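Undergrad: Once you've had a glance at the structure underneath, I'll fire off some questions.
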Amino acid sequence: MRISLFAVTVATLYSDALAFTTKAFHRPASSSLSATVEKVSKTKVPVFDEVCDTTGVTLKRFMSEVAMLNPELTELAVLFGGVDTACKALANLVKRSQLPSSETLGYEGNVNVQGEDQKKLDVIANDVLKRALRFTGRLGVLASEEEDTPVDIMPENVKKQEIVIDESEKYVAVFDPLDGSSNIDAGCPTGTIIGIYEHDENCDIDENCVGEECTELEAACLANTLQPGTNLVAAAYCLYSSSTFLALTLGNGVYMFTLDDQIGEFVLSNPDVKIPESSNIMSFNSANYDNWDQPLKDVVKGWETGTGKSQTAFSSRYIGAMVGDVHRTLLYGGVFGYPGDKKNPNGKLRLLYEGAPMSFIMEQAGGLSTTGTQRVMEIIPEIVHQRVPMIMGSKNDVEEIIEAYDNWKQ
């Protein structure tokens, strides 16, 4: 069987003017168009013109080729090796969680910073990710949805809840270890969300500092986690469902891998994920309809009755786990949202761990992500557990919501 080398055709596939991160701008309030997302990545990606039909292109090989084309991303490739291992381990834990011998079901007895009861599997997943990322040796700061503050990933410090700051390393990782865990007892899809930022090279901790002086230096370094989504260098999610999927972006498109249990590797299954520009599917918790803003209520009512902009009646699909809902939306098109309402004005999704990474993936697949009035990727978090209203999905459908909010403001 012949396996040809990748053909690097970046010049014809991507403009040389692209820069590493994705930047965008909002339209003026008077404009009839929605926020326009401009891809500006210089990241070169491998193109495989022929692959082995037995093993395919594994995630390891893909990241190895990326590192060859982009030497500056070598450490990022190593970090994704930890993500690869963690997602495989978590997929196995989720798969076995329903067995009588499993000790992963039920509640841990603790409450996280959001006031939510922590399930045992939440805590285990959090520990698996911390350890997997720690052993890559490429992590400077880490923040998790399950922790009160960014924490030390060294085993001797886990119980102390100390801040992890290693100024010698390059990246900052933020993650939701097990999204949708409240549904896991019913066998519903769950997932992991990861965002990766560059570590601030100016973060410098003096080993001889004492007292408040150290606290101030640590606080300055922790600002590494409070970055807008436009600063993301990579984002990924793993979905644990009928198959285990891993979707990632390095700022130059979205690549989807599927876990082949027979060889134990993630294999490239969709090298260029593109969400349809229009759809007829919406994914909201409609039980909150009466508490939504009027513009959103009007648009959703138009979709339900087929009297909206597209004159198409929409179907409703809602899993209640962000990774599962967004995954389906990416593949089939549609709009997923957890908007703000009278009870939760800022919604319930976390900007840092869920909103920004998933928005990065959505935009790189050709979709849009908004609060209704602001591009999610441009919001600078003030605290690590900040919540944000979110509506994301097919470009034309999300534009209809943005226009409704603009008209409402006027």
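None of the figures in this text is laboratory data; all of them are computed from the coordinates on show. Small disclaimer: the values here were computed from a predicted structure and weren't measured. All Cβ positions, glycine included, derive from the backbone under ideal geometry; neighbour counts span all protein chains shown.
Undergrad: Give me a comma-separated list of calculated 3J(HN,Hα) values for segment 315-326, in order, Karplus coefficients 6.51, -1.76, 1.60 applied at θ = phi - 60°, integers in Hz, x for any Gly or Pro.
TA: 9, 10, 9, 9, 8, x, 10, 4, 4, x, 5, 5
Undergrad: At a 10 Å Cβ-Cβ cut-off, how would you order R61, R138, fewest neighbours first?
TA: So the residues, fewest neighbours to most, are R61, R138.
Undergrad: Whose amide H sits under 5 Å from the amide H of E265, counting only residues 5 or more places off or on another chain, with H placed in the peptide plane?
TA: So E265 has HN proximity to D260.
Undergrad: Now for a separate question. Any of K95/K348; K60/K130; K120/K342; K120/K170 with alpha carbons more than 23 Å apart? Name them for me.
TA: From K95/K348; K60/K130; K120/K342; K120/K170, over 23 Å: K95/K348; K120/K342; K120/K170.
Undergrad: In Å and whole numbers, how far do the C-alpha atoms of segment 326-375 stretch along each principal axis, longest first?
TA: On the principal axes, segment 326-375 reaches 31, 20, 18 Å in Cα extent.
Undergrad: Can you compute the charge dipole magnitude of segment 281-409 about its Cα centre, using +1 on each Lys and Arg Cβ and -1 on each Asp and Glu Cβ, nothing else charged? Give it in debye, rounded to the nearest 20.
TA: 280
Undergrad: Quick one: Cα convex hull volume of segment 281-409, Å³ per residue?
TA: Roughly 99 Å³ of hull volume per residue.
Undergrad: A follow-up question, please. Whose amide H sits under 5 Å from the amide H of D341, counting only residues 5 or more places off or on another chain, with H placed in the peptide plane?
TA: The answer is N346, G347.
Undergrad: Quick one: compute the contact order of segment 281-409, relative version, from alpha carbon pairs under 8 angstrom and 6+ residues apart, as a percent.
TA: Relative contact order for segment 281-409 comes out at 28 percent.
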